[in-house]
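Take a look at the structure below.
What follows is calculated from the coordinates using simple rules that are stated; it is not laboratory data. Just so it is clear, the structure is predicted and the values come from calculations on it, not from any experiment. Please note: Cβ atoms are built from the backbone with ideal geometry, for glycine as well, and neighbour counts cover all protein chains shown.
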């Protein structure tokens with residue numbers, strides 16, 4: 001996962017829904033700004049929880065990253 005710029009992968013799930021998480025690409029476009037895609041159209045203006053399975057450090061160590069809640073524009 002890139003913190004300041006670059007591309008990563010994530011899994012997203014709508015808050016309050018029991019559907020399976022959706023895999024998506026996450027592109028960091030600037031500090032604290034990212035573009036997610038592709039997301040289902042009906043997720044617009046809702047909150048989703050992002051998780052980052054398989055994130056590794058620069059030394060290859062598997063990291064535990066807490067899920068993050070974001071508002072979809």
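Considering only 37, 60, 16, the mean-square fluctuation computed in a Gaussian network model of the chain, springs between alpha carbons under 10 angstrom, is largest for 60.
Modelled spin labels at residue 51 and residue 15, positioned 7 Å past Cα toward Cβ, are 1.8 nm from each other. Counted residue by residue at 0.36 nm each, then reduced by the alpha carbon distance between them, the extension gain from residue 42 to residue 61 reaches 3.2 nm. Remark: relative contact order (the chain) = 28 percent; criterion is Cα-Cα distance under 8 angstrom and separation of 6 or more residues. Label-to-label distance for residue 71 and residue 29 is 1.7 nm, based on points extended 7 Å past Cα in the beta-carbon direction.
Here P(r) over Cα pairs in 10 Å bins from 0, in percent was calculated from the structure, and among (1) 19, 53, 24, 4; (2) 21, 36, 24, 14, 5, 0; (3) 20, 44, 31, 6 it sits at label (1).
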